[in-house]
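Participant: One structure is given below, represented as structure tokens, and several questions about it will come after.
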Amino acid sequence: MNPKFSIIIPAYNESNRIVRSLNKILGYFKNKKVGYEIIIVNDGSPDNTFNVVRDLSKKNKKIRVISYNKNRGKGYAVKTGVLNSSGEYILFTDADLSTPIEELENLMDWTNQGYDFIFGSRGIDSSKVKVKQPLYRRIFAFLAKVYVQLVVFTFAATPKDTQCGFKLFTRKTACFLFRKMKIDGGMFDIELLYIAKKWGIKTKEVPVIWANNTDSKIKFIKCILFDPIDLIKLRIYDLAGKYN
């Protein structure tokens, strides 16, 4: 039988903290009577990430590893994990667990109300941000949100937080969205939400606990240079009928 949950973790240069995060996930599921799998996608890490997760997978059959040599981007890594998963519900989470795995229960509550795509948010008043991002990143996030509203969500309100790395899908919805997804980089979250809104998929933005990790792997300058281009590509893909 297929597991109830597939947990997808994109990993790039995560050898120093992936073990701690995996132990937290394994501990969370230990006393729960549900089937699950953890899929780690090593996104061409030049460090020792692959060896670390490979050794873990040999010790625990709940852990699967997908690896490739070239760094393709977070979107590509998550898509690869999702399309190789088998769970009834699919969660992707960042490797640092900035949002604790226990918040899965919070998101799951909304599946009982008919939502197919539930995403964690740091931007709702009831969200619990324990450690904030540095000021320069908060300013960039604000400007990015304005840009996203102008370029992408011209037909609907922009979600409060598109980039929180904690998103849950029903299997049917995940397969539908990720097969249509074109963006390999960090703007894939926005692309997924855009496609979901275009197709009338029932989405829900849910407040979660979140703490900024000072050892973030996000390349700030690269984001400034390439993320706006990816969002313009998103609109071009839509005009070309790629999301139909």
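Participant: So is residue 48 modelled with pLDDT of 95 or more and either touching a Lys or Arg at 6+ places or on another chain (Cβ under 7 Å) or under 20 Å from residue 213 (Cβ atoms) (or both) or not?
Facilitator: Criteria met by residue 48.
Participant: I would also like to ask the following. Residues in the stretch 101-123 that are over 12 Å from residue 205 (Cα atoms), modelled with pLDDT under 95 and touching a helix residue (DSSP H, G or I) at 6+ places or on another chain (Cβ under 9 Å): how many?
Facilitator: The total comes to 0.
Participant: So, residue 52, is that one surrounded by 15 or more Cβ atoms within 10 Å (Cβ to Cβ) and over 18 Å from residue 86 (Cα atoms) or not?
Facilitator: Here the answer is yes, as residue 52 does meet what is asked.
Participant: Further, regarding this structure: Which one of the conditions (1) part of a helix (DSSP H, G or I); (2) free of Cβ contacts under 8 Å to residues at least 24 places away in the same chain does residue 79 fail to meet, given that it meets all the rest?
Facilitator: Of (1) part of a helix (DSSP H, G or I); (2) free of Cβ contacts under 8 Å to residues at least 24 places away in the same chain, only one is false for residue 79: (2).
The values are calculated or read from the model by the stated rules, or taken from the named source; none is laboratory data. Just so it is clear, the structure is predicted and the values come from calculations on it, not from any experiment. Neighbour counts are summed over all protein chains in view; Cβ atoms, including those assigned to glycine, are modelled from backbone coordinates with ideal geometry.
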